[in-house]
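One structure is given below, encoded as structure tokens.
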Amino acid sequence: MRALLVFIFLNLVLASCSRHDVETTYKLKRTMTVVSPSGHEAYIVEATLEDVSNTQVIVDFAGEECGAGAVSSLGSKFNLHIEWKDDETLIVSKPKEVNLTRNASGEIIQCGDQNVKVVIKNYELAKNTYLDAALEKELSYTFLRLNLVTV
């Protein structure tokens, strides 16, 4: 939660650096949350400020007052999927066309003596599969879970 609050604060500070008084619309959407067996919480956040959006996967560590952004990308609606392999490994599955940037610490994020390895996997939808846009949006996570193909 602390990592999310820092993320929001920094975005609001940057948005307030304008010389002109401009009314802005800031939207924050938490699209998926998963909890590891020991209580680490990972979630996907899509933040939009006016017409610019950013998507992040954030980890809040169990029993600690800290968290960290694991990966991010400009834009939103990427159909990311996150799951815990075990207490120390978070898997982020993404369409192979999406570019994710790791945070400064790289593949391992840390809080105190706790570490989480973030593994990024590419997927593509199963061949010869067609869904219209409305149905695809509505069923995206279920569909992706059933049709992940590791590349």
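Structure summary
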quantity: Residues located in the range 100-128, provided they are over 16 Å from residue 59 (Cβ atoms) and surrounded by 12 or more Cβ atoms within 10 Å (Cβ to Cβ); calculated: 121, 122, 123, 124, 125
quantity: Among residues of the range 64-83, those that are touching a strand residue (DSSP E or B) at 6+ places or on another chain (Cβ under 8 Å) and within 26 Å of residue 113 (Cβ to Cβ), counted; calculated: 10
quantity: Tally of residues being modelled with pLDDT under 90 and closer than 24 Å to residue 116 by Cβ across the range 1-46; calculated: 14
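The values are calculated or read from the model by the stated rules, or taken from the named source; none is laboratory data. Computed from a prediction, not measured in an experiment: that's the story for all the values here. No Cβ is skipped: glycine too gets one built from the backbone with ideal geometry, and neighbour counts run over all protein chains shown.
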